[in-house]
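*Asks:* After the structure tokens below, expect a handful of questions from me.
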Amino acid sequence: MRGESQPTVFLGLAQYSHYSDVLRGHLIRALAPHYRLVVLTPLIDRAIAERDGYLEHPNVSYEKLDLAHPKLWVISDKYLRVPLTRDLDHLTYMRYFYERPHWWPRKLLMRARILFPKKLFSVDRLTRWEVRLARPSSAFLGLVRRSRPALLLTATPGFTPFEAELIVFAKRLGIPTAAVNINYDNLTSNGKLLRRTDYLAVWNEPMAQEARELHGFSDRELAVVGPLRFDHYFLDRDSQELLSREAFLRSKGLDPSRKTVVFAGPTPANYPPRLEFLRELLRLRREGAIRGSPNILVRLHPNDPHALYREFAGEAGLAIERAGRQTRSDAAGGQKIEMGEKDFLNLTATLQYADVVLNFASTVIMEACIFDRPVLNIAFPPYRRIVYEYEYNRGLVRTGGVKIASSPGELALMVNRYLANPALDRAERAHLLDTYLPFRDGKSYLRVARFIERIVRPLE
């Protein structure tokens, strides 16, 4: 079917990581021939889409939307959902979340939450309040009248204000909703911010179980599809543009005759002492605690300012790089990095040619295992070790596919073991993949497309 006979899907994307996964990946190309796609973002209009090389297709249009109710989402998230919702208080993650330092009014509200009936500030009840309060903007209503969407598709179920607003508008207008690009930790770490979509696509069965038990999704509403953002790993391996190991390391100014340790930089807020860690890593190499003087390749987190690392300029055997295209200055808050095809290839080569991968509690655990690369998690200073008790990390650690280093000395010892014998823990890494990445074929985008088809076609 083509033209006016094709159903319209609104595709709501809030930030650059979503643009990378959905607009730069295969999903939008798979959907475009079969649906009229209206891409809704806070940043991209037709001119910017053309300038930055987003997909051009007769069925795809780009609409920039501003938040209509910015204060509502601040009040709801900051003063109601996070401090007062008790739905997820039984989680280890939430127990330690309450113990963190917080702004004193939020801390006071957290303590006062036990004074209210639990159902009063439940996640679903707050969403119903938002639906009553948030009148759809004239811009959104105009798009609905012109396009008559059969589905609103968002990356996450309302974890950002932009997505929350779109989902709430759709609920108010009776438009079905689905989320397809959540991260592996979101259903626990961001659970209080969830605006329950009608349908949800997840990576694996452990996430599906969380969706059922924590958020009440039924099997009919769920689909296990794999992570969109990992598709490129399996497709890049056959690319003629993937550099050889020697060419890749030389392009970074590194020595191909040496082994390579990759440090995947953590989210700054999650691991503040990242500079101290890099200094310690370099000290361990310089003093011979890490043997063989391996290359160190640091891949900064997209939220981390590159300027923070200027003290390391000129350090031999060290390369520090951004993940992709920088869209705003380092001084700007939030996400500012977007990945395109060349950046995906660079990431594939980074992991394929790594000898050991270091990270702090991130999806890099799974990504390193895709390439059967030994992966170590940083668990020092001691106060940061607690993250490995959180629900979304605990299962990964229990597979044995990722090891935890609790001190610099332990880190050096484990790095040396893996450099000497990269096959160590190979069976455990395979077990981790079987549990958390059941699909390793580069076709998650096709499963998402079939998921959308299942939702939309019966509604025509």
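*Asks:* For the range 379-420, what are the residues that are outside any helix (DSSP H, G or I) and out of contact with any strand residue (DSSP E or B) (no Cβ under 6 Å at 6 or more places or on another chain)?
*Replies:* Selection gives F380, P381, Y390, T399, G400, G401, S406, S407.
*Asks:* Could you say which residue among A368, A423, A427 is part of a helix (DSSP H, G or I), within 25 Å of D231 (Cα to Cα) and free of Cβ contacts under 8 Å to residues at least 12 places away in the same chain?
*Replies:* On the way: A368 fails: free of Cβ contacts under 8 Å to residues at least 12 places away in the same chain; A423 fails: part of a helix (DSSP H, G or I).
Answer to the check: A427.
*Asks:* Something else about it: Of the residues in the range 196-225, how many are out of contact with any helix residue (DSSP H, G or I) (no Cβ under 7 Å at 6 or more places or on another chain), closer than 15 Å to L88 by Cα and assigned to a loop (DSSP other than H, G, I, E, B)?
*Replies:* 1
*Asks:* Quick one: in the range 135-155, which of the residues that are aliphatic (A, V, I, L, M) and crowded, with 23+ Cβ neighbours inside 10 Å is nearest to the chain's Cα centre (by Cα)?
*Replies:* So the residue we want is A155.
*Asks:* Can you run down the residue pairs with Cβ atoms below 8 Å, 6 or more apart or on separate chains, where the first is in the range 262-290 and in contact (Cβ under 8 Å) with a residue 24 or more places away in the chain and the partner is of a type in the set (G, A, S) and in a strand (DSSP E or B)?
*Replies:* none
*Asks:* For the structure I just gave you, tell me whether A32 is over 23 Å from the mean Cα position of the chain (by Cα) and at pLDDT 95 or above. Don't jump to the end; show me each part of the working.
*Replies:* Working: over 23 Å from the mean Cα position of the chain (by Cα): yes; at pLDDT 95 or above: yes.
Here the answer is yes, as A32 does meet what is asked.
*Asks:* Criterion first (buried (at least 16 other Cβ atoms within 10 Å of the Cβ), free of Cβ contacts under 8 Å to residues at least 40 places away in the same chain and of a type in the set (F, W, Y)) does Y93 satisfy it?
*Replies:* Considered against the rule, which asks whether it is buried (at least 16 other Cβ atoms within 10 Å of the Cβ), free of Cβ contacts under 8 Å to residues at least 40 places away in the same chain and of a type in the set (F, W, Y), Y93 comes out as no.
*Asks:* Just a yes or no: is a residue in the range 156-178 of a type in the set (K, R) and either over 27 Å from the mean Cα position of the chain (by Cα) or outside any helix (DSSP H, G or I) (or both)?
*Replies:* Scanning the range 156-178, I find at least one residue that is of a type in the set (K, R) and either over 27 Å from the mean Cα position of the chain (by Cα) or outside any helix (DSSP H, G or I) (or both), so the answer is yes.
Matching residues to (1) outside any helix (DSSP H, G or I); (2) surrounded by fewer than 21 Cβ atoms within 10 Å (Cβ to Cβ):
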{"residue": "Y309", "(1), (2)": "no, yes"}
{"residue": "A316", "(1), (2)": "yes, yes"}
{"residue": "G333", "(1), (2)": "yes, yes"}
{"residue": "A354", "(1), (2)": "yes, no"}
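*Asks:* Does any residue in the range 226-255 that is closer than 17 Å to N181 by Cβ come within less than 6 Å, Cβ to Cβ, of a residue that is open to solvent by less than 60 Å² (accessible area, probe 1.4 Å) and β-branched (V, I, T) six or more places away or on a different chain, and which pairs are these?
*Replies:* As it stands, the answer is Y233/T348; Y233/I370, since those pairs meet every condition given.
*Asks:* Right, here's the next one. Of all residues in the range 49-90, which are of a type in the set (S, T, Y) and either open to solvent by 90 Å² or more (accessible area, probe 1.4 Å) or assigned to a helix (DSSP H, G or I) (or both)?
*Replies:* Scanning the range 49-90 gives S76, Y79.
*Asks:* Being among the β-branched types (V, I, T) and either touching a residue at least 40 places away in the same chain (Cβ under 8 Å) or part of a helix (DSSP H, G or I) (or both): is that true of V298 here?
*Replies:* For V298, the condition - among the β-branched types (V, I, T) and either touching a residue at least 40 places away in the same chain (Cβ under 8 Å) or part of a helix (DSSP H, G or I) (or both) - is not met.
*Asks:* Please verify whether R286 is open to solvent by 10 Å² or more (accessible area, probe 1.4 Å) and more than 17 Å from A354 (Cβ to Cβ), treating the condition exactly as stated. Even if it seems obvious, please write down each step before you answer.
*Replies:* On the way: open to solvent by 10 Å² or more (accessible area, probe 1.4 Å): yes; more than 17 Å from A354 (Cβ to Cβ): yes.
For R286, the condition - open to solvent by 10 Å² or more (accessible area, probe 1.4 Å) and more than 17 Å from A354 (Cβ to Cβ) - is met.
The values are calculated or read from the model by the stated rules, or taken from the named source; none is laboratory data. Computed from a prediction, not measured in an experiment: that's the story for all the values here. Quick reminder, even Gly has a Cβ in these numbers, built from the backbone with ideal geometry, and neighbours come from all protein chains shown. Quick note on the areas: whole protein, heavy atoms, side chains included, nothing else; ligands and nucleic acids left out. Shrake-Rupley method; radii C 1.70, N 1.55, O 1.52, S 1.80 Å.
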